[in-house]
Amino acid sequence: MNNGKEKLLIFDCDGVLIDSEPMANRLFLQCLRNEGFDVDELYGEHFHGISLNDCIRKVEGDFNRRIPAGFVDNFEEMLNVEMEQSLEAMPGIHEALTELPHRKCVASGSTHPRLQLALSVTGLLPQFERIFSATDVTNGKPAPDLFLWAAAQMQYKAEDCIVIEDSYPGMQAALAADMPVLLYNPHWTDKYEIPSHVKVFHDMTQLPQLIKELN
């Protein structure tokens, strides 16, 4: 178990390392419309920061209707093609990661295949020791399960971890796990009420200094 001198950095993926969530939401809504679900662009806001399984459960609950067989495979195929063609890393994240000597892992609501693809396409995969997915645990964000699982597998105590997130469910999950969290908010939005002890930052160039202050 870590002795507390070196922090483990746990990164969310979508919205922190890469910018695939707008792409994924657009394609997910398109696939829903193709199946006859009456959804508009605003409906996509419900999916920010949660796993695909939780997105599907929400749709089925809202419409009292099951999503057809083959839907997920079709969505994943469309998303993979577009990611391979146009996915980019978040501005400044390569430089920020290079400045951080800490051990690093990813804990994301995405599936393992999508995470491997996204991090490979953007050249970020070598920066991380381990990749953890919401599919590894029973409850995704905002439950703390994924972050606690990542810490346990990396042999760290919760208080010796720092989570870097961009979503409200992700922030809630980190706080529920009793882990310090830095909230990346590049668009200066204040849609949600953020606790005063959660540091919000707007530029990845700020990350190394923020980590140093928490270390």
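The values are calculated or read from the model by the stated rules, or taken from the named source; none is laboratory data. For clarity, every value in this text was computed on a predicted model and none was experimentally measured. Quick reminder, even Gly has a Cβ in these numbers, built from the backbone with ideal geometry, and neighbours come from all protein chains shown. Keep in mind that these areas ignore ligands, DNA and RNA; they rest on the heavy atoms of the full protein, side chains included. Shrake-Rupley method; radii C 1.70, N 1.55, O 1.52, S 1.80 Å.
Overview of results
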item	result
Rounded percent of accessible protein surface that carbon and sulfur make up, the chain, 1.4 Å probe	48 percent
In Å², nearest 10: area of E77 left accessible to a 1.4 Å probe	120 Å²
Pair N64, I194: separation of 7 Å Cα→Cβ label points (nm)	4.0 nm
Sequence-distant residues sharing a close amide H with R103 (under 5 Å, placed H)	L9
Ordering of 165-178, 63-76, 96-109 by burial proxy (mean other Cβ atoms within 10 Å per residue, highest first)	165-178, 96-109, 63-76
15 Å reach of a label modelled at Q209, 7 Å along Cα-to-Cβ, counting backbone N of the range 74-97	96
Placed amide H near V163: partners under 5 Å, 5+ positions off or other chain	I10, V181, L182
Hz values of 3J(HN,Hα) by residue in the range 149-166 - Karplus curve (6.51, -1.76, 1.60), Gly and Pro given as x	5, 4, 4, 5, 5, 8, 6, 10, 6, 4, 5, 9, 10, 10, 9, 10, 10, 10
Listed pairs K104/K212; K7/K157; K157/K199; K141/K212 exceeding 18 Å between Cα atoms	K157/K199; K141/K212
Loop trypsin sites (Lys or Arg not before Pro), the range 108-215 (other Cβ atoms within 10 Å of the site Cβ: 11 or fewer; DSSP)	K191
Solvent-accessible area per residue, Å², over the chain with all protein chains present [probe radius 1.4 Å]	49 Å²
Contact order relative to length of the range 130-215, as percent, for alpha carbon pairs under 8 angstrom and 6 or more apart	22 percent
Dipole magnitude of the chain about its Cα centre (Cβ charges: Lys, Arg +1; Asp, Glu -1), debye to nearest 20	580 debye
